Amino acid sequence: MTRTTTFVALCLALAAGMLTSADVLASDRDRDRGRGRDRGSEARADRAISLDEAVARAERRYKARAVRAEEKRHGDRIEYRIRLLGEDGRVFEVRVDAESGRET
């Protein structure tokens, strides 16, 4: 085979492999989304407030801007960690229990 023919054959083989991989990844992602939807609705049912609401409350209470917010799980307990930037330039963290809505 000539160099050009070998190159074209190699490109076609790689393209076929990438298409197959994309199909497998897409089906895995769709399957995981289905699982996540069921888990997500159960997890939200035992929360008094959402992460967005916890951030809004913290910003109002401390007159600060949230620079980071995340959800941490400790067994069955869910805690929101909100990092705030105060008017004075100080960065501090507030922790909120998702079930009760109270700061911890």
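Overview of results
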read-out: Among (1) out of contact with any Lys or Arg (no Cβ under 9 Å at 6 or more places or on another chain); (2) modelled with pLDDT of 95 or more; (3) closer than 24 Å to Asp46 by Cα - the single one Gly75 does not satisfy; value: (2)
read-out: Subset of segment 71-104 (residues that are touching a residue at least 12 places away in the same chain (Cβ under 8 Å) and within 17 Å of the chain's Cα centre (by Cα)); value: Glu71, Ile78, Glu79, Tyr80, Arg81, Ile82, Arg83, Ala98
read-out: Residue tally, condition surrounded by 11 or more Cβ atoms within 10 Å (Cβ to Cβ), in contact with a helix residue (DSSP H, G or I) (Cβ under 9 Å, 6 or more places away or on another chain) and within 14 Å of Val55 (Cβ to Cβ), over segment 70-91; value: 4
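The values are calculated or read from the model by the stated rules, or taken from the named source; none is laboratory data. For clarity, every value in this text was computed on a predicted model and none was experimentally measured. Methodologically, a virtual Cβ is constructed for each residue, glycine included, from the backbone with ideal geometry; neighbour enumeration extends over all protein chains shown.
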